[in-house]
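Trainee: Questions regarding the structure given below will be posed in turn.
The values are calculated or read from the model by the stated rules, or taken from the named source; none is laboratory data. Not measured: the values here are computed from a predicted model. All Cβ positions, even for glycine, are placed from backbone atoms using ideal geometry, and neighbour counts span all protein chains on display. Remember, those area values only see protein heavy atoms, side chains included, never the ligands or the DNA or RNA. Shrake-Rupley method; radii C 1.70, N 1.55, O 1.52, S 1.80 Å.
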Amino acid sequence: AQTVTQSQPEMSVQEAETVTLSCTYDTSESNYYLFWYKQPPSRQMILVIRQEAYKQQNATENRFSVNFQKAAKSFSLKISDSQLGDTAMYFCAFYFIQGAQKLVFGQGTRLTINP
Amino acid sequence: DVKVTQSSRYLVKRTGEKVFLECVQDMDHENMFWYRQDPGLGLRLIYFSYDVKMKEKGDIPEGYSVSREKKERFSLILESASTNQTSMYLCASSLTGLYTDTQYFGPGTRLTVL
């Protein structure tokens, strides 16, 4: 079975700090797509960043970057210079091309940025 | 900007009622999805549709059905609501690649079944 695990249910940091959210997964596939989605309080879920497993370079989007360790099956999200607007629920999600024909979501990490 | 709207933000229904949740997207997306979001469980796929009148079961289809008569609209139906269907329901759409394209989500409907 293909599983996705976010081991940190909640995290809290001060504004301007850097925070890393962890996500691990289990698969025997070699190619898949990886995503981080953000769900702000009472607002719509949006895509933060995506990575394709065959690409060596880690994806970045402004203050958001990923650390993709394929051998370790780890896909963490780093938020630099955190802002109050980064407060949200964060989900990692995977699409395993050969396996379950759907996005597999992690349990979510609730991130709070404190002023 | 892609816009995905859901008919209600909050809904309270009684056990045994038939419940309709509506989702509309305005960007001509091929694919639409219904998820259920519960604390500690992430998002679980209920049903998806890759074309008008086409539907496929997800992980947890029991107790639910769907309808997609028009490309922009995807409805989730709870045939006989039960208390264990109290949850947040999220609709999403994607352009062409069923799961490789970005999914765009609606604001969610928080359903309480009494």
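Trainee: So which residues in the stretch A:51-83 are polar (S, T, N, Q) and either open to solvent by 90 Å² or more (accessible area, probe 1.4 Å) or without any contact (Cβ under 8 Å) to a residue 60 or more places away in the chain (or both)?
Mentor: Within the stretch A:51-83, A:Gln51, A:Gln56, A:Gln57, A:Asn58, A:Thr60, A:Asn62, A:Ser65, A:Asn67, A:Gln69, A:Ser74, A:Ser76 qualify.
Trainee: Let me ask another. Output the residue which, of all residues in the stretch B:7-27 that are within 17 Å of B:Phe105 (Cβ to Cβ) and among the acidic types (Asp, Glu), is most open to solvent (accessible area, probe 1.4 Å).
Mentor: In this case the residue turns out to be B:Asp26.
Trainee: While we're on this one: Those residues that are in contact (Cβ under 8 Å) with a residue 60 or more places away in the chain and either open to solvent by 30 Å² or more (accessible area, probe 1.4 Å) or within 11 Å of chain A (Cβ to nearest Cβ) (or both), I need them from the stretch B:32-47; list them, please.
Mentor: Matches in the stretch B:32-47: B:Phe33, B:Gln37.
Trainee: Look at the stretch A:1-50 and say how many of its residues are among the basic types (Lys, Arg) and open to solvent by 30 Å² or more (accessible area, probe 1.4 Å).
Mentor: Total meeting the criteria: 2.
Trainee: Within the stretch A:84-113, track down each residue that is open to solvent by 20 Å² or more (accessible area, probe 1.4 Å) and in contact with a Cys (Cβ under 7 Å, 6 or more places away or on another chain).
Mentor: Within the stretch A:84-113, none qualify.
Trainee: Give B:Ser65, B:Ser7, B:Ser93 a once-over and let me know the one that is polar (S, T, N, Q) and free of Cβ contacts under 8 Å to residues at least 60 places away in the same chain.
Mentor: B:Ser65
Trainee: Hey, could you check the stretch B:69-84 for residues that are among the aliphatic types (A, V, I, L, M) and either within 13 Å of chain A (Cβ to nearest Cβ) or more than 17 Å from B:Asn31 (Cα to Cα) (or both) and say which is most open to solvent (accessible area, probe 1.4 Å)?
Mentor: Checked the stretch B:69-84; the qualifying residue most open to solvent (accessible area, probe 1.4 Å) is B:Ile77.
Trainee: If you don't mind, another one. Counting only residues that are away from every other protein chain (no Cβ under 14 Å), give me the strands (runs of 3 or more DSSP E) lying completely in the stretch A:75-115 with at least 1 of them.
Mentor: Per the criteria, A:109-114.
Trainee: For residues that are within 23 Å of A:Val104 (Cα to Cα), assigned to a loop (DSSP other than H, G, I, E, B) and open to solvent by 10 Å² or more (accessible area, probe 1.4 Å), tally how many sit in the stretch B:101-114.
Mentor: 3
Trainee: Then there's this: Please work out which residue is nearest to the other protein chains (Cβ to nearest Cβ), limiting yourself to the stretch B:85-100 and to residues that are crowded, with 18+ Cβ neighbours inside 10 Å and in contact with a Leu (Cβ under 8 Å, 6 or more places away or on another chain).
Mentor: B:Tyr99
Trainee: While we're looking at this one, here's another question. Could you list, in sequence order, all residues of the stretch A:1-21 that are within 11 Å of the chain's Cα centre (by Cα) and either under 16 Å from A:Ala88 (Cβ atoms) or among the aliphatic types (A, V, I, L, M) (or both)?
Mentor: Across the stretch A:1-21, the qualifying residues are A:Val4, A:Gln6, A:Thr20, A:Leu21.
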